[in-house]
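Okay, so here's the structure we're looking at.
The values are calculated or read from the model by the stated rules, or taken from the named source; none is laboratory data. Bear in mind that the values here come from a model prediction, so they are computed numbers and not experimental data. Cβ coordinates were reconstructed from backbone atoms using ideal geometry, including for glycine residues, and neighbour counts include every protein chain displayed. Quick note on the areas: whole protein, heavy atoms, side chains included, nothing else; ligands and nucleic acids left out. Shrake-Rupley method; radii C 1.70, N 1.55, O 1.52, S 1.80 Å.
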Amino acid sequence: MFVRVKRSGPHECLQIVQNRREGKRVRQTVVATLGRLDRLAASGAVDRLLRSGARFAERLMVLAEGAGAEPDARVASIGPALVFERLWRETGCRDTIRSLLVGRRHRFDVERAAFMTVLHRLTVSGSDRSAMRW
C-alpha cells in the first residue's frame, strides 16, 4: 500500500492505494480517498494520520514535535568507519588481536590492517587485494 495524489479537476486528492497482481498484470485499487490535499494539509490531518500510523511501524521513525512545529532534530553524518571503530573496540576485537601479537616484531600495525580489511568487506565488498588499493 502507498499514498498518492490524484488530480480531480482543479483539486488534488490524497488516496491510499493497494497494488495486487492479476495474472501477469498489476492492478491498483483505491482503498480510501482521504480528501483534498490542500484542506488536509491546512488542518494538520496528514500529520496526525502519519503520527498515528507510525506507532505500528517496526522499521520507521517519524520525527514530530508539537502541533504544527518543525521537529528539533539534528542530522549528523558520522560514516561507517566511526561506527565500526566503536564496535571494534567495544566488542574487544582490538584488544584480542593486540594481545595475540605481543612479542611479535611486525613492521606495521597488524590490528589496524585487520580493522581496515574487515571495514572494507563491510562497506565496499571485494578481495583483500582490492582493500589495499582502497
Every listed condition ((1) open to solvent by less than 70 Å² (accessible area, probe 1.4 Å); (2) in contact with a strand residue (DSSP E or B) (Cβ under 9 Å, 6 or more places away or on another chain)) holds for Val31 save (1)
In the range 96-108, what residues are open to solvent by less than 90 Å² (accessible area, probe 1.4 Å) and out of contact with any Phe, Trp or Tyr (no Cβ under 9 Å at 6 or more places or on another chain)?
Thr96, Ser99, Leu101, Gly103
Between residues in the range 33-60 that are over 15 Å from Leu14 (Cβ atoms) and residues that are in a helix (DSSP H, G or I) and open to solvent by less than 70 Å² (accessible area, probe 1.4 Å), which pairs lie under 8 Å by C-beta distance while being six or more apart or on different chains?
Leu60/Ala54
Residues in the range 51-63: is at least one hydrophobic (A, V, I, L, M, F, W, C), surrounded by 12 or more Cβ atoms within 10 Å (Cβ to Cβ) and modelled with pLDDT under 90?
yes
I'd like the full set of residues that are open to solvent by less than 90 Å² (accessible area, probe 1.4 Å) and either more than 28 Å from the chain's Cα centre (by Cα) or on the phi > 0 side of the Ramachandran plot (or both), limited to the range 6-28.
Ser8, Gly9, His11, Glu12, Cys13, Glu22, Gly23
Pair list, Cβ < 6 Å and 6+ apart or interchain, from the range 90-118 residues that are under 15 Å from Met132 (Cβ atoms) and free of Cβ contacts under 8 Å to residues at least 60 places away in the same chain to residues that are surrounded by 11 or more Cβ atoms within 10 Å (Cβ to Cβ) and not charged (D, E, K, R)
Val110/Leu101; Ala114/Ile97; Phe115/Trp88; Thr117/Ala131
Can you list residue pairs whose Cβ atoms sit under 7 Å apart, with the first residue in the range 120-134 being modelled with pLDDT of 75 or more and the second being outside any helix (DSSP H, G or I)? Count only pairs 6 or more apart in sequence or on different chains.
His120/Gly126; His120/Trp134; Val124/Trp134
Give the residues of the range 94-131 that are over 20 Å from Gly79 (Cα atoms) and in a helix (DSSP H, G or I), sorted by residue number.
Asp95, Thr96, Ile97, Arg98, Ser99, Leu100, Val110, Glu111, Asp128, Arg129, Ser130
Residue list for the range 75-95, restricted to those being surrounded by 14 or more Cβ atoms within 10 Å (Cβ to Cβ) and either in contact with a strand residue (DSSP E or B) (Cβ under 9 Å, 6 or more places away or on another chain) or modelled with pLDDT under 85 (or both)
none
